[in-house]
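S.K.: One structure follows; several queries about it will come next.
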Amino acid sequence: MRLLFVNAHVTTMDASRPYGRCLVVDDGRIENVLDERPHGLARPLQVIDCHGGQIVPGFFDCHLHLT
């Protein structure tokens, strides 16, 4: 499945391009980080509006309580 996240604050952790506004994910892998919503992409996408939310790739919650 190919997803397009729009209206987001994307943090890339890449010094050459630290931020973006849209994120394209194809089959669970990040394909592209963009500054604006793309037009005329070759394959169909499911569009997800993040309503200004933050996307930080690579973080997940394994819900572990360390003592």
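What follows is calculated from the coordinates using simple rules that are stated; it is not laboratory data. Note that the structure is a prediction, hence the values are computed from the model and not measured. Note that we place each Cβ from the backbone using ideal geometry, even for glycine, and neighbour counts take in every protein chain shown.
S.K.: What's the ranking of 38-44, 3-9 by average number of surrounding C-beta atoms within 10 Å, highest first?
M.R.: Top of the packing list down: 3-9, 38-44.
S.K.: Same structure, new question: Hey, what did the chain get for relative contact order, percent, Cα under 8 Å, at least 6 apart?
M.R.: Relative contact order of the chain: 40 percent.
S.K.: Using θ = phi - 60° and the Karplus form 6.51 cos²θ - 1.76 cosθ + 1.60, what ³J(HN,Hα) does each residue of region 18-24 get, whole Hz, x for Gly and Pro?
M.R.: Karplus-based 3J(HN,Hα) across region 18-24 equals x, 9, x, 10, 9, 9, 10 Hz.
S.K.: Along each of the three principal axes of the Cα atoms of region 28-67, give the extent in whole Å, ordering the values from largest to smallest.
M.R.: 51, 22, 16
S.K.: About its Cα centre, what dipole magnitude does the chain give when the only charges are +1 on Lys and Arg Cβ and -1 on Asp and Glu Cβ, stated in debye to the nearest 20?
M.R.: With Lys and Arg at +1 and Asp and Glu at -1, about 100 debye.
S.K.: Just to be sure I understand: if I project the alpha-carbon convex hull of the chain onto a plane and average over all orientations, what area do I get in nm²?
M.R.: 6.0
S.K.: Modelled label-to-label distance, residue 49 and residue 11, 7 Å Cα→beta-carbon offset: nm?
M.R.: The modelled label-to-label distance comes out at 2.5 nm.
S.K.: Just to confirm a number: summing +1 for Lys and Arg and -1 for Asp and Glu over residues other than residue 25 whose beta-carbon lies under 14 angstrom from that of residue 25, what do you get?
M.R.: Around residue 25, the charge tally is 0.
S.K.: I would also like to ask the following. Each residue of region 36-53 in order: what ³J(HN,Hα) in whole Hz does its phi give by Karplus 6.51 cos²θ - 1.76 cosθ + 1.60, θ = phi - 60°, with x for Gly and Pro?
M.R.: Listing the rounded values in order: 8, 4, x, 10, x, 6, 5, 10, x, 10, 9, 9, 10, 8, 8, 6, x, x Hz.
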